[in-house]
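The numbers here are math on the coordinates, done by the rules we state, and not lab data. Bear in mind that the values here come from a model prediction, so they are computed numbers and not experimental data. FYI the Cβ positions are ideal-geometry reconstructions off the backbone, even for glycines, and counts take in every protein chain you see.
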There are 2 protein chains.
Amino acid sequence: MESRQKNRYEIRLAGMGGQGLILAGIILAEAATIFDGKNAVQSQSYGPESRGGASRAEVIISPEDVEIDYPKVTTPDMLLVMSREAMERYGHELKPDGIIIIDSTYVHKPEKATGKIISIPVTELTKEKFGKTIVANIVALGIIVEITGIVSKDSLEKAVIKRVPRGTEELNKSALELGYFLAREKMNTIN
Amino acid sequence: MESRQKNRYEIRLAGMGGQGLILAGIILAEAATIFDGKNAVQSQSYGPESRGGASRAEVIISPEDVEIDYPKVTTPDMLLVMSREAMERYGHELKPDGIIIIDSTYVHKPEKATGKIISIPVTELTKEKFGKTIVANIVALGIIVEITGIVSKDSLEKAVIKRVPRGTEELNKSALELGYFLAREKMNTIN
């Protein structure tokens, strides 16, 4: 786990409608702010691509004493990519020390890219474990937080519970655990 | 119904956590973009007030051929206020020709204010009609759209159906109808 103490940490979650990326963005922002005491802006920009089924959510997180002046992600520190189109569109927009997490269910790992690439078949492994893909977004959140440490796991869990439908709390907690596990396993392989 | 053809129409939805304002913002943005073919940015900024239970969602809507450069609401064209704190904090931030919709369940109509004030006990009437307040946000969306015409009703309904839990479609459609009705009734009284 890397500790992030940047004044402005930019996260982009990109994929397709139906993957729950906006909910994931809201959960991450609420974990950071309501439960971790930081500041955040969470946003979605909808252009023509949204009518083609693309979906993109962004979160900017800053420490408690830093106000977020410009509320749009310019060059992400962390990019989650869950569709081929998203990879084509956003794969090259990343800080030099940034991290790309690729759902290899949908996206091939690029041969060349800026930053550190972490490729995990998130949706496929979610389906394997839970028999459905509905919580792949929550598994992805687990991966993101295990890798970046941008919010505490305790806050993340609280934020997930706050936002998911009643009756699905245990499923979603297990989804987070799967994400943590997959990220740890991957980091051990890389390091 | 006023037709809005501005190059940039700014909407702020302000109240408390649990009132579903973020969902309302997302639905409005998706009605405008996915179903009405416009552009939109939807965002929530979380600061210290969010830890005190305040909630605020913003939507900027532009025509198809106008890109949204600055993604933050500066001075809203339309403000929905669903808590006393939100009224104190945001009640004075409005364009001169702007519209404030006040949920008078929680907020007293101010004696002096910029813009046009529409005061309706949204939450109270939702409770009266449906026996619960959970769809007060959807009733509010109906009111907003009847008054501003910022998205088509057909697109609004599609966007609501896309986002609400399965099995609650009819309840939410009725909530929209209640909103349209309340707004029409109010406009007839004012005009």
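Listing for the model above:
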{"quantity": "Counted residues, the range B:16-46 - those being within 23 Å of B:I102 (Cα to Cα) and within 7 Å of chain A (Cβ to nearest Cβ)", "calculated": "8"}
{"quantity": "Qualifying residue in the range A:116-135 (condition: surrounded by fewer than 20 Cβ atoms within 10 Å (Cβ to Cβ) and touching a Phe, Trp or Tyr at 6+ places or on another chain (Cβ under 6 Å))", "calculated": "no"}
{"quantity": "Matching option when the condition is among the hydrophobic types (A, V, I, L, M, F, W, C) and surrounded by 15 or more Cβ atoms within 10 Å (Cβ to Cβ), among B:V66, B:V59", "calculated": "B:V59"}
{"quantity": "Meets criteria (in a loop (DSSP other than H, G, I, E, B) and within 26 Å of A:M187 (Cα to Cα)) for A:E93", "calculated": "yes"}
{"quantity": "All positions within the range B:53-85 that are assigned to a strand (DSSP E or B), closer than 11 Å to B:R12 by Cβ and not hydrophobic (A, V, I, L, M, F, W, C)", "calculated": "B:R56, B:E58"}
{"quantity": "The one condition in (1) in contact (Cβ under 8 Å) with a residue 12 or more places away in the chain; (2) assigned to a helix (DSSP H, G or I) that B:E88 fails to fulfil", "calculated": "(1)"}
{"quantity": "From B:I99, B:I117, B:I134, B:I61, residue being away from chain A (no Cβ under 14 Å) and in contact (Cβ under 8 Å) with a residue 24 or more places away in the chain", "calculated": "B:I99"}
{"quantity": "Residue that is nearest to the chain's Cα centre (by Cα), among those in the range B:100-157 that are in a helix (DSSP H, G or I) and among the basic types (K, R)", "calculated": "B:K153"}
{"quantity": "Hey, A:G20 in contact (Cβ under 8 Å) with a residue 12 or more places away in the chain, crowded, with 18+ Cβ neighbours inside 10 Å and within 28 Å of B:G37 (Cβ to Cβ) or not", "calculated": "yes"}
{"quantity": "For A:I161: the one exception among (1) aliphatic (A, V, I, L, M); (2) over 18 Å from the mean Cα position of the chain (by Cα); (3) farther than 22 Å from A:V81 by Cα", "calculated": "(2)"}
{"quantity": "Of all residues in the range A:162-180 being in a helix (DSSP H, G or I) and free of Cβ contacts under 8 Å to residues at least 12 places away in the same chain, the one that is surrounded by the fewest Cβ atoms within 10 Å (Cβ to Cβ)", "calculated": "A:E170"}
